[in-house]
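The numbers here are math on the coordinates, done by the rules we state, and not lab data. All values derive from a computational prediction rather than experimental measurement. With ideal geometry, Cβ positions are generated from the backbone for all residues, glycine too; neighbour counts draw on all protein chains shown.
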Amino acid sequence: MPCVVPAEGAPAPDEQALRAYLRERVAPYKAPRRVLAFAADELAFTPNQKLRVALREAALARLRAEGAQIAGHRYGRARRRTAAPLRAPAPVGCARRSSPARRPTR
């Protein structure tokens, strides 16, 4: 998902216009479903103008706050973890694969 930080003093880009621009210039499967715009003060930068905080975490937090739905996935719902299903024991007479024997080292 593309994230945009407008230049200082520039207005925030219109998401629909930016998506339409990209749809004309990239393959259909590469066109983004959402574009997030962040103000420079929402993100922390190093002295070399690299992002200090993970942009991915900021984007996910914004999607959760909006309750966004993209490609059938709804952000913002708390997922409940369930226990993994138990593995059935091997039938009698069937041997499970084991790792190959190690060669002795010299």
Apply 1/(1 + (r/R0)^6) to the Cβ-Cβ distance of A71 and A39, taking R0 = 25 Å, and write down the FRET efficiency to the nearest 0.05. 0.40
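Scan the stretch 12-48 for trypsin sites (Lys or Arg not before Pro) in coil per DSSP, keeping those whose Cβ has at most 13 other Cβ atoms within 10 Å, and list them by number. Mind dumping the intermediate values first?
Details: sites: R19, R23, R25, K30, R33, R34; in loops: R33, R34.
Passing sites in the stretch 12-48 are R33.
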So between V26 and A12, what do we pick up on full extension, going 0.36 nm a residue minus the alpha carbon distance? 2.8 nm
Quick query: amide H of A37 versus all other amide H atoms, modeled in the peptide plane; which residues come in under 5 Å with a sequence gap of 5 or more or a different chain? V4
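Excluding V35 itself, what net charge comes from residues whose Cβ is under 11 Å from its Cβ, given Lys and Arg +1 and Asp and Glu -1?
On the way: positive: R19, R33, R34; negative: D14, E15.
Once all neighbours under 11 Å are counted, the net charge is +1.
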Among the GluC sites (Glu not before Pro) in the stretch 1-48, which ones are in a DSSP loop with at most 11 other Cβ atoms within 10 Å of the Cβ? Mind listing them? E8
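For the stretch 3-74, what is the Kirkwood hydrodynamic radius in Å, using each pair of distinct C-alpha atoms?
Evaluated over the stretch 3-74, this radius sits at 13.9 Å.
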